[in-house]
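K.L.:
Just passing along the structure, written as structure tokens.
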Amino acid sequence: MTMTRKQDILSFIGKYMDKHGYAPSIEEIGEGCGLKSKSTVHNYLKQMFADGTLETESPGCPRAFRISSVAEKKTLSEQSELPN
């Protein structure tokens with residue numbers, strides 16, 4: 001099964017935050033997901049904020065975001081549905 005770009009970004013963000021304790025930069029997300037354009041990464045992040053996948057209490061501050069609890073629950077339920 002192929003991941004969508006948003007799922008790929010969400011997975012990268014989750015793994016990065018688990019390892020470092022804070023959110024990755026736009027540049028780090030791009031590098032980690034194979035995206036060369038910062039504006040492309042920024043557009044995906046804007047979409048993810050708009051659909052509630054990501055949330056922040058400090059708009060405009062780099063690294064001041066987190067994966068929403070709704071998105072975390074959805075990701076866990078999707079992973080449990082995958083065949084072994």
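K.L.:
Is it fair to say residue 76 is among the hydrophobic types (A, V, I, L, M, F, W, C), at pLDDT below 85 and not in a loop (DSSP other than H, G, I, E, B)?
P.N.:
Spelling it out, residue 76 is indeed among the hydrophobic types (A, V, I, L, M, F, W, C), at pLDDT below 85 and not in a loop (DSSP other than H, G, I, E, B).
K.L.:
While we're on this one: Does region 1-46 hold any residues that are open to solvent by less than 70 Å² (accessible area, probe 1.4 Å) and among the aliphatic types (A, V, I, L, M), and which are they?
P.N.:
9, 10, 13, 17, 23, 26, 29, 35, 41, 45
The values are calculated or read from the model by the stated rules, or taken from the named source; none is laboratory data. These numbers were taken from a predicted model, which means no experiment stands behind them. With ligands, DNA and RNA removed, areas are computed over all heavy atoms of the protein, side chains included. Shrake-Rupley method; radii C 1.70, N 1.55, O 1.52, S 1.80 Å.
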